[in-house]
1. Among (1) under 30 Å from residue 227 (Cβ atoms); (2) outside any loop (DSSP other than H, G, I, E, B); (3) touching a strand residue (DSSP E or B) at 6+ places or on another chain (Cβ under 8 Å), where does residue 142 come up short?
2. For the stretch 36-70, how many residues meet the condition of being over 30 Å from residue 136 (Cα atoms) and buried (at least 19 other Cβ atoms within 10 Å of the Cβ)?
3. Only one of (1) in a loop (DSSP other than H, G, I, E, B); (2) touching a residue at least 12 places away in the same chain (Cβ under 8 Å); (3) surrounded by fewer than 18 Cβ atoms within 10 Å (Cβ to Cβ) fails for residue 205. Which number is that?
4. All but one of (1) at pLDDT 95 or above; (2) out of contact with any helix residue (DSSP H, G or I) (no Cβ under 9 Å at 6 or more places or on another chain) hold for residue 56, so report the exception by its number.
5. Taking residue 268 as meeting all but one of (1) under 25 Å from the mean Cα position of the chain (by Cα); (2) over 28 Å from residue 335 (Cα atoms); (3) modelled with pLDDT of 95 or more, write down the number of the exception.
6. Specify which of the listed residues (254, 283) is in contact (Cβ under 8 Å) with a residue 60 or more places away in the chain and farther than 23 Å from residue 214 by Cβ.
7. Only one of (1) in contact with a helix residue (DSSP H, G or I) (Cβ under 8 Å, 6 or more places away or on another chain); (2) over 26 Å from residue 236 (Cβ atoms) fails for residue 3. Which number is that?
8. Scan the stretch 271-297 residue by residue and report those that are under 13 Å from residue 253 (Cβ atoms) and at pLDDT below 90.
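The values are calculated or read from the model by the stated rules, or taken from the named source; none is laboratory data. These figures come from a predicted structure and were not determined experimentally. Don't worry about glycine lacking a Cβ; one is built from the backbone with ideal geometry, like all the others, and counts go over all protein chains shown.
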């Protein structure tokens, strides 16, 4: 990890009543350090847990903040430091439930899927509420917890001024009469210009533009999944590459059209062609996969010309539906049967013409 300084942060959805998406721009604290990344790479941000949750757990576990504890990766730290910086407490890892059931005889989950369903939307305080026996374990309960993992964000810029940008959506929801925030996004929302951030660049070799700028590009994303495509288009603009097609989905155009001013500027310059899907702007919901299907002839024409196709967004909400639509397009436009259509996409992946950044 290295230290970055916040150059800029602003909300992209100031008029939204249910979704906060932010643009965050960082540069190295040491201006002699030169950033080395490409569009499509990740920024890995060190997360810190919210102090309110840390304090609640200290009280529930009857632990002193300055009490020392030894963690496998961090060594000897105070309990407060362990809960703040090193242990996952805003999420309930299903692996903890498996350990509870196997080692302590707590819980009655049939299988891993049941554990995943139970853990959804819960944190460690919820676990202590459900199983007071764990709270009575005190320091031993810390050994059940998972390490606090850094958070990965798709970079939304190309490296042209020794800075790096990301988009992130604030994770915030109500559950069991408590307001919850994601560890990293809740932390980042509080950033102001000049604040120091611990992060590092991570390469994503499986999500890269073709070396030949004349190759057509088809980009498919929803929500903050548009982030890497901003970096892609900055590079394609520099290369004056004009064959760029974007399918982008969000909820409403007025409140949630992320980076649309920039997208529209590229359209006016003839560098980009966009198809938008704003699901709640009409009586019937419209999603990215429907826009893809409507433009199936154009998509197939691009694929025939050797286009590289990129998908960024949710595995559950985007990838599965887009995959099915791509198969349907191949069956319709290329006259392939289901098996041949699957084989076509597999060959595209093998050739690195189909690249995914899904989560």
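1. (1)
2. 6
3. Unmet for residue 205, out of (1) in a loop (DSSP other than H, G, I, E, B); (2) touching a residue at least 12 places away in the same chain (Cβ under 8 Å); (3) surrounded by fewer than 18 Cβ atoms within 10 Å (Cβ to Cβ): (2).
4. (2)
5. Against the list (1) under 25 Å from the mean Cα position of the chain (by Cα); (2) over 28 Å from residue 335 (Cα atoms); (3) modelled with pLDDT of 95 or more, residue 268 comes up short only on (1).
6. Working: 283 fails: in contact (Cβ under 8 Å) with a residue 60 or more places away in the chain.
Every option except 254 fails the conditions.
7. Result: residue 3 passes all but (1).
8. 279, 280, 281, 282, 286
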